[in-house]
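Okay, so here's the structure we're looking at.
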Amino acid sequence: MSVRIPSSILTRNNLVNISQVQARLAVTQERAASGLRINRPSDDPAGAARASVVRSEAAAHAQFAKNVDRARARLAAAERALVAASDVMVRARELALQGANGTLDASTRASIAEEVAVLFEELVSAANTRHESGWIFAGTANGAPAFSVAGSFSGGAPPTVTYDGDASEIEVSVGERPTVTVTLDGRRVFQGDADGDGVPEAGREDLFAVLGDLWQALTNDDADAVRATLSRLERGQRQLEMERSRLGAFGARLEAAGARLADAKVEDVRLLSATQDADTVQVLSDLVNQETALRATLEVAARTLRPSLLDFLG
Amino acid sequence: MAGLFHTLEIAGRALAVTQSGIHVTSHNVANVETPGYSRQRQILAAGNPIESGSGAIGTGVEQLGIERIADTLLLRQLATEDARAASLGVQGDALARIEEIWNEQARPGLGARVAGLFDAFEDLAASATPGAPVEREAVRAAAELLVDTIREADAELRSLQGEADRAARVMLGTINELAQRIADLNGEIVRAEAFGPANDLRDRRDVLLRELARKVEITSFEQPDGGVVVLVGRGLALVEGTHARSLVAADDPTHPFDPSFASIQFDTGSGWIDVTDAIGNGELGGWLVVRDELTANAIRELDAFAYNVAARVNEVHAAGVGLDGSSGDFFAMPAGVEDTARNFALAPAVEASADAIAAGLGTDPGDNRNALALAALRNQAAPVFLPGDAPGAPSGPSRTLLDHVAATVGRIGTEVSALATERASQDRVLQQLENRRDSLSGVSIDEEMVQLLRLEAAYQANARVIQSLDRLLDTVVSMLR
């Protein structure tokens, strides 16, 4: 016996076919509109999970890149302070050379001493440099000036400078593992005291003390004592140069991290796009194909649903 | 030998039978669009012959009855598949809403909020300005956003769960009404069938049985008198003869999520039997799965996720010291994994003051060491807590929090797409069965038209026989004149 095909079957099959083609078309239209191949996890569970991982990695990389920028600004501020301190030391050495000249009279030395006093203030101000509201040479105790000055030159003796910061260095994270140091210990930089015992280590100088001694020698009109500060001033300057090269090393690590992060950003974008973005050309060709398919399905429906024997009976 | 009048009677009855055939055709055509209608046809037979000396003489045509063309087995099968399709439909719609909670494709979701908190920790660590007041507030804002997102997700899931419970309760009324109508039809059919098959009533009952099956999975069988017995749950007779029992909802105080959620009870007339676990498919079964499995699992999963976040952040946070010298939790530490999402909140100290955020290991305003440790949590893998784990005893694989999000996204996506595939194939199964039913029982206009042409011809032929008999009788009468 042949299969009976009542019109209800044709109607049902046609409706199912049309709705299937329309459902596919709706998916393609959503892809075209959002530009995404994955619009919800069920579109591609593994891909959605991967996209989630890539997105969080990209976010981390963006955050690290921000950290690098911020750290770079901080190091630049420290660098400027050290340059200023270096300039102070260079000028102080020139003044010391002048003052060491035996033919100079006491009043000339006194006027040089006044300039040294000004240099002293400049050095203190460089050592108390602030960046983003924090005193950058104060370690982690950066809520207050790194150095405090007791006494003044008018008292006959040079003022004493005390370090109020701590020896901790601040580190920031610029990648998954490494942290980069972004501060220098002010006591070591300006007072040559790395271990915090209050005395400069061998081969290092307390810059404030050197300037104070220079001022004292000039004020006392003591050419020999002035000459004695010359080598100490030179050592102090070298000390600042060394610290600058340390900053340079930190900066180099930052630059390397920054370059790595810039590469990572490009890669993240590429990976995320490859994981979740719709292929525009593919989507457009799908769209055209499915529209054609829909038109064909509708045409077939129109043709199969219309005729019945009634059309042909007289 | 048969007489002329006998022949006339044969022709007359043939006319009547043919007219009845046209009536059946007309009934079929009239019901071409009636849902559940089974085409009918005349059962014809030649009349009992009369024995005579010269052999058996035919007595014309006889209509034995009118039958409907239907396959009861196919209808039962359709009811079963209807029940399955209805359940899958309800589950699929609910799962799509659960999926949206974890959907990060279109807008930032839970993963993005956790990443946002780590970003804020990073900013706090990278700033190392004295006290970092701006960054501290930013950490608190990011944490509050995460708290809100988790609580909103939890509220959304719970509202979906509540909807499922209400839908299940409402469903019971519809089920009881359908059961009553089937019982009523049973009575009508039994009465009518004393005189012959009650084709149209049976069609109506089959439609109701399918409708009932879409609401709740049933098994049904017919009794010799024509009434059907409808069983639900573990073989409890919802309909038997003209009697219908009912399903009722009772508050279930032992329900793990809400003591006001309903259990489904079968009212035997003299007591109640709990059939909640035996409902099977159908919309009712679908809503129960949504309530007790899909949303329940999703809530537990969200709880576990929130617990993981709280436990990890708190562990590192408590090791540090806030600007105010305090040490403690960052998130209010939940007592256990269960219900973490619903009660997710910042610790009271952090809620009260951003200075309680432990950025350092000491109270130095520039100390960022603990903030670094908090930020480093982003990439730290540790065993994750799964639903049902006791505090301090995570049983899951070692993962970072964000990998945990990604794994959950992947799992839910797989679940949804598997269900979608199942739904699609179920739809195809149903379509095939419907087509088989229509192929057997559906009215074909073409067929009916052909039938009509044949009946018309038969009517004309019988009329011609009467015409010729008329002439013969005329001849006989004129002979007598």
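With a Förster radius of 41 Å applied to the beta-carbon distance between B:GLU351 and B:GLU100, the computed FRET efficiency rounds to 0.90.
What FRET efficiency would be calculated for the residue pair B:THR174, A:ASP279, taking the C-beta separation as r and a Förster radius of 41 Å, to the nearest 0.05? Kindly include the intermediate steps, with their values, before the conclusion.
On the way: r = 47 Å, r/R0 = 1.15.
Efficiency, from the Cβ-Cβ distance: 0.30.
Sort chain A into rounded, prolate or oblate with this rule: let a ≥ b ≥ c be the square roots of the eigenvalues of the Cα gyration tensor; rounded if a/c is under 1.5, and if a/c is not under 1.5, prolate when a/b is larger than b/c, oblate otherwise. Prolate.
What does the charge count near B:LEU302 come to, summing +1 for each Lys or Arg and -1 for each Asp or Glu among other residues with Cβ under 12 Å from its Cβ?
Numbers: positive: B:ARG151, B:ARG158, B:ARG300, B:ARG342; negative: B:GLU152, B:ASP154, B:GLU156, B:GLU301, B:ASP303, B:GLU338, B:ASP339.
Overall, the nearby charge balance is -3.
Taking label points 7 Å from Cα along the Cα-to-Cβ direction, B:VAL248 and B:ASP184 give a separation of 2.2 nm.
Charge tally for B:ALA250 (other residues, Cβ to Cβ under 11 Å; Lys, Arg +1; Asp, Glu -1): -3. For chain B, relative contact order (Cα pairs under 8 Å, six or more residues apart, normalised by length) works out to 22 percent. Shape class of the range A:164-266 from the alpha-carbon gyration tensor: prolate, with a/c at 1.5 or above and a/b greater than b/c.
Shielding value for B:100-112 is 4, the average number of Cβ atoms from other chains within 10 Å of each residue's Cβ. The calculated 222 nm mean residue ellipticity attributable to helices in the protein assembly as shown amounts to -21500 deg cm²/dmol, summing -39500 (n - 2.57) over DSSP H runs of n ≥ 4 and dividing by all residues. Once the Cβ-Cβ distance of B:GLU9 and B:ARG454 is raised to the sixth power relative to R0 = 25 Å, the FRET efficiency obtained is 0.65.
Which net charge results when you count Lys and Arg as +1 and Asp and Glu as -1 among the other residues whose beta-carbon is under 13 Å from that of B:GLY336? Neighbourhood net charge equals -2. The mean count of C-beta atoms from other chains within 10 Å of the C-beta of residues in B:124-136, rounded to a whole number, is 6.
Run the paramagnetic zone check for B:VAL134: 7 angstrom along Cα to Cβ, then residues of the range A:36-72 with backbone nitrogen under 18 Å. Under 18 Å, as judged by backbone N against the label point of B:VAL134, lie A:63-72 of the range A:36-72. The packing ranking, built from the mean of other Cβ atoms within 10 Å per residue, places the peptides B:20-32, B:109-121 in the order B:109-121, B:20-32, highest first.
Can you tell me which of B:215-226, A:181-192, A:297-308 comes out highest on packing, and rank the rest after it, using the mean Cβ neighbours within 10 Å?
Working: B:215-226: 17.9, A:181-192: 25.1, A:297-308: 12.6.
Order by mean packing, descending: A:181-192, B:215-226, A:297-308.
With a simple spin-label model that places each label point 7 Å from the Cα along the Cα-to-Cβ direction, the separation between A:ARG12 and B:GLN432 comes to 1.3 nm.
Can you tell me, using C-alpha contacts under 8 Å and at least 6 residues apart, the relative contact order of chain A as a whole percent?
Details: 400 pairs, mean separation 83.8, N = 314.
Reported relative contact order: 27 percent.
Let me know the shape class of the range B:1-52, please: from the alpha-carbon gyration tensor, a ≥ b ≥ c as square roots of the eigenvalues, rounded when a/c is under 1.5, otherwise prolate if a/b is greater than b/c, or oblate. Since a/c reaches 1.5 but b/c is at least a/b, the shape of the range B:1-52 is classed as oblate.
Report the label-to-label distance for B:ASP446 and B:LEU473 in nanometres (one decimal), using points 7 Å from each Cα along the Cα→Cβ vector. Distance between label points: 4.3 nm.
Read-outs: derived from the displayed coordinates by stated rules, not from any lab. Not measured: the values here are computed from a predicted model. Using ideal geometry, Cβ is built from the backbone for each residue, glycine included, and neighbour counts are taken over all protein chains shown.
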